[in-house]
Amino acid sequence: MSSPDNEISDDGEEELVAYLDGELDSEAVTRVEMRLSGDADYRQRLAELQKAWELLDKLPRSEPTEAFTNSTIAMVAITANSEVETSNLRRNRLKRWVGPLAAMAVGMAGIIGFSLTRAVLTDPNEVLIEELPVIENLDLYLYADDIEFVRSLDQSGLFAGGDEDDRP
């Protein structure tokens, strides 16, 4: 192994591993080869990694046992089942809230619609209530030939309780 003075950074080592695996693009390969030509420590680390690769190739290959395969498939099935259950729980929670939220939305729309309609439209009875004194005395007004006669009667004080503001 190399001494602490000659340590290659993690980035440089990752780059060497990718170089050995043939995972670098042409620009990166050129960069590594340029560094190899000028850096003895970098070449030494490449040689060490190549030896490790060769040793790995000499190790006997082991085939997975049937028990390993079955346990792996069982774990995948359990994980998939758990994910399906979680998804179903989320969907059920959402369904539980959809009805009440929709009812609240319809209720709020109704309240807002009612309020806006009431604010925009005037009540026809409101006008009748404002003009009630005139309506109550309509029979009397029919005998008056003109409005000046009614005003003179009002000013004479013959009618008790008449306000100056209530004049037609």
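The values are calculated or read from the model by the stated rules, or taken from the named source; none is laboratory data. All values reported here derive from a predicted model rather than from experimental measurement. Every residue, glycine as well, gets a Cβ built from its backbone with ideal geometry; the counts of neighbours run over all protein chains shown.
Looking at segment 54-70, can you tell me whether even one residue there is surrounded by 12 or more Cβ atoms within 10 Å (Cβ to Cβ), among the aromatic types (F, W, Y), outside any loop (DSSP other than H, G, I, E, B) and modelled with pLDDT under 90? No, because not a single residue in segment 54-70 is surrounded by 12 or more Cβ atoms within 10 Å (Cβ to Cβ), among the aromatic types (F, W, Y), outside any loop (DSSP other than H, G, I, E, B) and modelled with pLDDT under 90. Taking the condition in a helix (DSSP H, G or I), more than 22 Å from the chain's Cα centre (by Cα) and of a type in the set (S, T, Y), does S87 pass? In short, no.
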